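What follows is a set of notes on a single structure, which appears directly below.
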Amino acid sequence: MNSKHSQKLPENFYQQDALHVAEKLPGKYLVRRFNQKYLAGKIVEVEAYTEKDDEASHSFNGITKRNELMFASGGKLYVYFIYGNHFCCNVVCDKEGIGSAVLIRALEPVEGIDLMAQRRFLKNEVTRKELLNLTNGPGKICKAFGISKLENGTDLCGNDIFITEGEKVSKKNIVCTSRIGIKKSIDLPWRFYIKDNPFISKK
């Protein structure tokens with residue numbers, strides 16, 4: 001495994017406010033292990049969601065069967081199905097009882113690209129255009145990484161799906177803007193992405 005994605009983030013990283021976690025995640029690596037093979041992508045775009053004054057968050061109206069994992073102690077993977085079409089994966093944040101998570105919106109593929117491409121395009125080699133389109137959206141990430149409802153609740157400090165230190169990104173290169181694809185609380189500046197990165201989902 002590449003040294004850049006060998007040092008896992010500690011549990012206490014996740015047990016902080018969702019906005020703090022979201023701002024720090026760009027540059028980190030999302031990693032998934034399949035037997036002896038690893039898939040890895042640099043996180044380039046995220047969005048924070050919390051129960052506090054955020055009508056777009058699943059947790060806004062309290063605990064339900066669907067969102068109960070958002071209220072767990074930070075450090076779990078929250079996976080949900082949307083539009084009857086694809087899965088989205090989120091990093092659960094903060095202390096137990098506080099419903100917050102960070103949606104991973106886009107990755108820059110780093111390792112295991114052939115396996116990601118097989119899942120997304122049913123072939124091992126990709127063009128430059130296909131590479132840019134491989135993991136530049138929440139549903140695309142889950143399909144490329146083989147993440148489904150079965151992975152809901154995965155411990156991010158475990159050995160199957162985890163996040164590592166990756167690459168340092170200076171604060172001046174992180175763009176903070178409003179979230180996309182939602183209809184409520186649309187003005188909250190809770191989307192963070194790496195400036196000028198070609199793998200983000202939308203400028």
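The values are calculated or read from the model by the stated rules, or taken from the named source; none is laboratory data. Predicted model, so just to flag it, every value in this text is computed and none were measured. So basically every Cβ, Gly included, is an ideal-geometry build from the backbone, and we count neighbours across all protein chains shown.
Close Cβ contacts (under 9 Å, 6 or more residues apart or on different chains) running from residues in the range 151-164 that are within 19 Å of Lys24 (Cβ to Cβ) and touching a residue at least 24 places away in the same chain (Cβ under 8 Å) to residues that are in a loop (DSSP other than H, G, I, E, B) and of a type in the set (D, E, K, R) comprise Ile163/Lys28; Thr164/Lys28. Looking at the range 144-177 only, could you name the residues that are hydroxyl-bearing (Ser, Thr, Tyr) and touching a strand residue (DSSP E or B) at 6+ places or on another chain (Cβ under 6 Å)? Across the range 144-177, the qualifying residues are Ser148, Thr154, Thr164, Thr177. Against the numbered list (1) in contact with a strand residue (DSSP E or B) (Cβ under 6 Å, 6 or more places away or on another chain); (2) assigned to a loop (DSSP other than H, G, I, E, B); (3) under 13 Å from Leu103 (Cα atoms), Ile141 comes up short only at (2). Looking at this structure, is Glu96 out of contact with any helix residue (DSSP H, G or I) (no Cβ under 6 Å at 6 or more places or on another chain), in a strand (DSSP E or B), under 29 Å from Thr50 (Cβ atoms) and not β-branched (Val, Ile, Thr)? Judged against the criteria, Glu96 is not a match. Restricting attention to the range 156-193 and to residues that are of a type in the set (D, E, K, R) and touching a helix residue (DSSP H, G or I) at 6+ places or on another chain (Cβ under 9 Å), the residue that is surrounded by the most Cβ atoms within 10 Å (Cβ to Cβ) turns out to be Arg191.
Reported count of residues in the range 99-135, each being of a type outside the set (Gly, Ala, Ser) and assigned to a strand (DSSP E or B), is 9. In the range 1-37, which residues are of a type in the set (A, V, I, L, M), modelled with pLDDT of 95 or more and in a loop (DSSP other than H, G, I, E, B)? Within the range 1-37, Leu9, Leu25 meet the criteria.
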